[in-house]
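For reference, the structure discussed in these notes is given below.
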Amino acid sequence: MKKINWTGKIYLSLLVFLLITFNSCQKKDTQEKADKDLEMISGHWQFKGHIGEYIDRISEQRILDEKKWDTIYPETEEAFLLREDDKNYPTRGEWRGEFWGKYLLSVIAAAKYYHSDDLKERIAEAVKGLSKYQDENGYIGTYSHSDFLEGNNWNVWSRKYTLWGLVEAWQLLEDDSILNIAGKFTDQLISEVGPGAEDIVKTGNFYGMPSSSILYPVVKLYNATGEKKYLDYAEYIVLQWSEHPEKLPDILNKGLGGEPVHVWFAETAPYKWAKGYEFTSCVEGLVELYKVTEKQQYLDAAKNIHSALVAWERTPVGSVSFNDKYVGSAGLINTVSEVCDAVYWNRLSFELYTLTADTRYLEEIERTLYNSLLCAFNQEGDWGLRRLRMSHVHIPAMNHFLEHHQCCTDNLPRGLFQAAEATLISKGSDIYLGLFNDGEGDINLPSGNKVTVKLDGDFLSTSSVRATISIDKPEKFDFYIRMPQWSSNTIVEVNGAKRTGEEKNNWLSIHREWENGDVIKIEFKLPVRYETFDMSKANTLFYPVDFYNKEWANIAFKKGSSEEMNQRYEHIKSLPEKEALPQQPAVTFFYGPLALSRDVRITEGDIFAPVSIPENAQTIKINPVKTSPGMWKAFELNLGDGQIINFCDFSSAGNTWSDQSKFNTWCILKNE
């Protein structure tokens, strides 16, 4: 009988097993890397309905109308001719220089949103006009002394927006002469502020943080040119955050630690350094740098900071900061927030969403859009808020130096257009539908197939939307639908048949061959819910609560140089400090993504009266009621125990910017 070599067979079997396992793992790793490397790309989307009308009204008043343009744009360019921002040199510098870039960035976003060739022509002329003021050494600025860098000034900060506007103009127009202007401009900056010259963290205010927020457009310039010197400069900026003599702002290292921003420096009040959107813009730049370098610590720090801002700075209505500083705002029931901070908060959320497909970031975009951004402009659409409150009266912006400009007014349109960019996104051949306001958009798949999605239906009225698919030719792909946290049960049908698909990470994925005319119906269950005020967070504040209440009460409309604005809004005065809400247990009610407020126009009785709430929010009954003029949504809430109270959506509350629409969003709870 022949002897069998069992040892050899075992070794051979083991080898085969290991090879199969290795190949399987390798394929899995390769697939995971491929999935990770697929970029999420925004399709084109235009909102309809209430949000669409709001955007159109603002765009017409601030951007599209040619006569308005001829009034609004020229003074941004003239600031580079006059160079008056350092007229008080060397005591103080100002920020006229930011408005060319800020305004143009909104115009560029509008050109993409509306597919406007007319706006493209205006943008090209604007760049040409700006280039006339470029010095031989590359400098473009509104400071006569380009080297006025240290002390109380906004020199480098203003240059940030010039560079940003130039880079995005190049992206839109694909005119390489614009890159040449931007390159010379940045080279001159590096010669003044950079290695071997002035440290960027020693320039301007707030420990160089506004200046170093130029990180984002610098990375964009590197992406456009491929010139390593710009990548080196970006890395230099990040290193500089830990190089200030007082060790502030140290964004990367502190961000990796994951602590709340307002407690990063025990000896320095956040009111003196943690400037809201300047800080957020630095973090956005860090995310953009991660995309280039793939240094995981950059992304980890940005994610940690975002989570900390959600927990410690973001209000129920999606605004962030207290009076434009990150102070631990979530511990204050009386908040007053800058609109710019909300716009840049959404920018950071968008950056992280398109990197991760994590719906948490999309939920933040939606919350801020439906509440803070929709209340940020007046009903005429021609001017914006400087500060928004959660009760009483909002604070309109005064013009800053130029007759028709102010930072929040110029930034807000761009924030709205970015929400459109978050609605319909592709990742490879997959499509992601993230927001549900009615509108229409299209996206191109890698196959060359064009897919159009049209959303019909006001889900806040009917609890459903209908998405109609138009496609050049049938194609198999995954259509992802966000399962929103504000819906307790979401049902999806395709062509009348219920679809369950695969639900993962709050996305429902439907894989099928899609054909022209396919219809997706999405039904939501929208219970009333509430979020509670966490009084314990006040224990981490640097100053006593009374300090912030005084700040909250003292804010009023400040007169600028525009007599028209002064006459329109001079009635908005400071408030008596006694009107501040008490630091007591309170709730904010929600319906879908809408925060709800009491407003004197529809709420009978005292809008500040305490309420009691049932243990189970599901028992709260809600019915729509007639709105007052200028309101979007109004509801009757039956809280039980005879408490029937009318509320409106937060974005409508207070929108007369006067006591005629005094409002309140936090509901103090009765002591029971």
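Taking the listed residues E570, E615, the one that is of a type outside the set (G, A, S) and either closer than 23 Å to P396 by Cβ or at pLDDT 95 or above (or both) is E570, with no other qualifying. Scan (1) of a type in the set (S, T, Y); (2) under 19 Å from W95 (Cβ atoms); (3) surrounded by 22 or more Cβ atoms within 10 Å (Cβ to Cβ) for the single condition T186 breaks and write down its number. For T186, the exception is condition (2). Within the range 462-478, being of a type in the set (S, T, N, Q) and either within 19 Å of K427 (Cα to Cα) or surrounded by 15 or more Cβ atoms within 10 Å (Cβ to Cβ) (or both) holds for S463, S464, T468, S470. Any residue at all in the range 438-457 that's at pLDDT 95 or above, closer than 30 Å to A330 by Cα, surrounded by 17 or more Cβ atoms within 10 Å (Cβ to Cβ) and not assigned by TED's automatic domain parsing to the domain that holds L639? Checked the range 438-457: no residue is at pLDDT 95 or above, closer than 30 Å to A330 by Cα, surrounded by 17 or more Cβ atoms within 10 Å (Cβ to Cβ) and not assigned by TED's automatic domain parsing to the domain that holds L639.
Filtering L348, L362 for residues that are under 20 Å from L215 (Cβ atoms) and not small (G, A, S) leaves a single hit, L348. Scanning the range 559-596 for residues that are among the hydrophobic types (A, V, I, L, M, F, W, C) and over 30 Å from T532 (Cα atoms) gives a single hit, M565. Kindly check whether there is at least one residue in the range 607-619 that is in a helix (DSSP H, G or I), of a type in the set (V, I, T) and over 20 Å from W666 (Cβ atoms). Within the range 607-619, one or more residues are in a helix (DSSP H, G or I), of a type in the set (V, I, T) and over 20 Å from W666 (Cβ atoms).
Yes/no matrix, rows are residues, columns are (1) in the same structural domain as F459 (by TED's automatic domain parsing); (2) in a loop (DSSP other than H, G, I, E, B); (3) surrounded by fewer than 18 Cβ atoms within 10 Å (Cβ to Cβ):
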residue: P484; (1), (2), (3): yes, yes, no
residue: E493; (1), (2), (3): yes, no, yes
residue: E513; (1), (2), (3): yes, no, yes
residue: A553; (1), (2), (3): no, no, no
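Out of the residues in the range 70-115 that are touching a helix residue (DSSP H, G or I) at 6+ places or on another chain (Cβ under 6 Å) and closer than 14 Å to H145 by Cβ, which is surrounded by the most Cβ atoms within 10 Å (Cβ to Cβ)? Looking at residues that are touching a helix residue (DSSP H, G or I) at 6+ places or on another chain (Cβ under 6 Å) and closer than 14 Å to H145 by Cβ, I get G97.
D546 meets each of the listed conditions (1) more than 30 Å from T452 (Cβ to Cβ); (2) crowded, with 18+ Cβ neighbours inside 10 Å apart from (2).
Looking only at residues in the range 368-383 that are in a loop (DSSP other than H, G, I, E, B) and of a type in the set (A, V, I, L, M, F, W, C), the one that is farthest from L416 (Cα to Cα) is W383.
Looking only at the range 155-178, count every residue that is surrounded by 19 or more Cβ atoms within 10 Å (Cβ to Cβ) and over 15 Å from E198 (Cβ atoms) and tell me the total. Matching residues across the range 155-178 total 13. For the range 207-224, the set of residues classified as in contact with a His (Cβ under 7 Å, 6 or more places away or on another chain) and without any contact (Cβ under 8 Å) to a residue 60 or more places away in the chain consists of G208 only.
The values are calculated or read from the model by the stated rules, or taken from the named source; none is laboratory data. Note that the structure is a prediction, hence the values are computed from the model and not measured. Here Cβ is always computed from backbone atoms with ideal geometry, including for glycine, and neighbour counts include all displayed protein chains.
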